[in-house]
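The values are calculated or read from the model by the stated rules, or taken from the named source; none is laboratory data. These numbers were taken from a predicted model, which means no experiment stands behind them. Note: ideal-geometry Cβ built from the backbone for every residue, glycine included; neighbour counts use all protein chains shown.
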Amino acid sequence: MATATEFPKTQLSPIRLWPLALIVVCGVSGVVSLQCGKLNLTSRPSADLHFLIWTTELGLFLWAMYWSRLTPIGQVKVVFVAFALQTGAYLLIRVDGFEGDGRAIMALRWSPTPDELFVVTESVPVTRPHDDVHVEPGVWDVPCYRGQNRDSVVKVPPFQTDWESHPPRELWRRAVGIGWSSFAVVGDYCFTQEQRGEHEVVVCYELATGKQVWEHRDRAYFKEMTGGNGPRATPTFASGRLLTLGATGILNCLDPASGRVHWSVNILADAGVENRLFGMVGSPLADGETVIVCPGGRDAAVVAYNVETGLRAWSHGSAAASYSSPQFADLAGMIWILNFNADGLSGHEFPGGTEVWSYPWISNPAERNNVCQPVPVPLPDSRPDRGRIFVASGYGKGCGVLEVRRLAEGFEIVSVWQNRNLKAKFTSVVLHDGFIYGLDERILTCLDVETGERRWKNGRYGHGQILLANETLLIQAESGEVCLVDADPRSYREVARLDALSDRTWNQPVVAGRYLLVRNDREAVCYELPALGK
């Protein structure tokens, strides 16, 4: 017989239900808070999610076995119910990738995937006759990733920044295949890369209408859960050719008017190296005679191919590839090819490509992710024998300014300053009037480039992208909105916001004249920016 303070093993007292309720409430609220970005246990939300789930399950098991006073059959029932609920959740929900900070993107299993959302609605031949299209360079072209200098600084006709009274006019919106490529704009046409089924596709659209003109297909599909599927690099227009690099290493030289292939080579196979974890990301760099890419590996850190023939012109360096794009820089009296690779920053002389100097800069030693484009920085005293470069990485590494110095014999590179005031994970930054503007993980930050001092940090835009249009920062937020912020080191002020897209967006925005082009792995939109004075 039970006493006044004892209960039969088949009976649950209220005092023994409280721990159960606490475990369930804490577990559920922890998962929800984590997914909403309100809870951060470590810098790896995906690991935090597993920790919360397993901790909740362990708590339920310990409660059932040692605290509940249930019979063995009752204990088995509790464990079975917990297992059944977890199995049900697994059958109902799938992970569609991850946000930039590592939080899982969850969707119902029966909802269409990004691949399934894209359906070709136009009957367009793979190539069109050359006479149908004339790709003529224009005044406001953006011929490659982040512009001609890869600095995301564009000069465009003055436009209205009061988007409440004068919003941009939507010209067209269309579904696109998955991928993180941006647009190259040349004359009346724009070019991007998409994944369509089992094919990596280069696509040409009419800039004013969004109508597809032609597409070129390669049978290839890069898949990676964390970084997403599909091609990453942006096409490059140079010397009357369109140069594209797919995520699996396929480098194409195409006719921009028709999509016809002049030549094609897989740079990974040619270099004899394996692909990186997140694929080939670096957009091709062209100088008129060669196209420069970074497959990485022994004697293949930087490789140049002849634009006309596709034959290898030269190759130098042995660092593994990372996720930045090669770019030119005029420093210390020479033209350099900068390669922000897995080991750090290296300078290759141009022309010729010989590696002259390197500086170690390793971010996230397990993955070695350097993404942010290096930024050449003018020296305050304009010394012709020196030049400075701003670099930044995420994963706690931070940022710094390096100085290239010409010596009597050769060059050396030294650190001017380094701190953690701006950790650019996989976005790039812009330089304006002596100040760097970029996303410190998810928050917009302004730094004095001469000292590294932080002037302000404000505005959450996720792991988005940024450019400078005239005197205004244009930010493509990770959540899809396009925002305007004053490029003012004195204070932070957001002046406009546009609900352009509605899903995870990592693609670089483009402003070409009055056209604003944005896209993600589901759709693309083109706006006309409002003219100043209207």
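Answer with yes or no whether T244 is without any contact (Cβ under 8 Å) to a residue 60 or more places away in the chain, more than 14 Å from I178 (Cα to Cα) and surrounded by fewer than 24 Cβ atoms within 10 Å (Cβ to Cβ).
In short, no.
Report the residue count in the stretch 483-534 for those that are free of Cβ contacts under 8 Å to residues at least 40 places away in the same chain and buried (at least 22 other Cβ atoms within 10 Å of the Cβ).
Total satisfying the criteria: 2.
Only one of these is in contact with a Gly (Cβ under 9 Å, 6 or more places away or on another chain) and closer than 22 Å to T244 by Cα: P380, P326, P376, P351. Name it.
P326
Tally time: how many residues in the stretch 297-347 are surrounded by 24 or more Cβ atoms within 10 Å (Cβ to Cβ), β-branched (V, I, T) and more than 16 Å from L402 (Cβ to Cβ)?
Within the stretch 297-347, residues that are surrounded by 24 or more Cβ atoms within 10 Å (Cβ to Cβ), β-branched (V, I, T) and more than 16 Å from L402 (Cβ to Cβ) number 2.
Spot the failing condition for G396; the list is (1) at negative phi; (2) surrounded by fewer than 21 Cβ atoms within 10 Å (Cβ to Cβ); (3) in contact with a Ser or Thr (Cβ under 9 Å, 6 or more places away or on another chain); (4) of a type outside the set (F, W, Y), and only one is missed.
Result: G396 fails condition (1) only.
Determine whether P376 is in a strand (DSSP E or B) and either closer than 28 Å to R454 by Cα or touching a Lys or Arg at 6+ places or on another chain (Cβ under 7 Å) (or both).
The answer is yes for P376.
Could we say that A300 is of a type outside the set (K, R), within 22 Å of the chain's Cα centre (by Cα) and modelled with pLDDT of 95 or more here?
No, not satisfied.
Against the definition (among the hydrophobic types (A, V, I, L, M, F, W, C) and over 20 Å from the mean Cα position of the chain (by Cα)), how does A477 come out, yes or no?
Judged against the criteria, A477 is not a match.
Which of the residues spanning the stretch 86-108 are surrounded by fewer than 11 Cβ atoms within 10 Å (Cβ to Cβ) and not in a strand (DSSP E or B)?
T87, G88, Y90, L91
Just to verify a result, which residue in the stretch 178-214, among those that are assigned to a strand (DSSP E or B) and of a type in the set (D, E, K, R), is surrounded by the most Cβ atoms within 10 Å (Cβ to Cβ)?
So, considering only residues that are assigned to a strand (DSSP E or B) and of a type in the set (D, E, K, R), the one surrounded by the most Cβ atoms within 10 Å (Cβ to Cβ) is E200.
Conditions (1) over 16 Å from L338 (Cβ atoms); (2) among the polar types (S, T, N, Q); (3) surrounded by fewer than 18 Cβ atoms within 10 Å (Cβ to Cβ); (4) at pLDDT below 95, marked per residue:
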site	(1), (2), (3), (4)
V404	no, no, no, no
R420	yes, no, yes, no
V430	yes, no, no, no
I436	yes, no, no, no
C446	yes, no, no, no
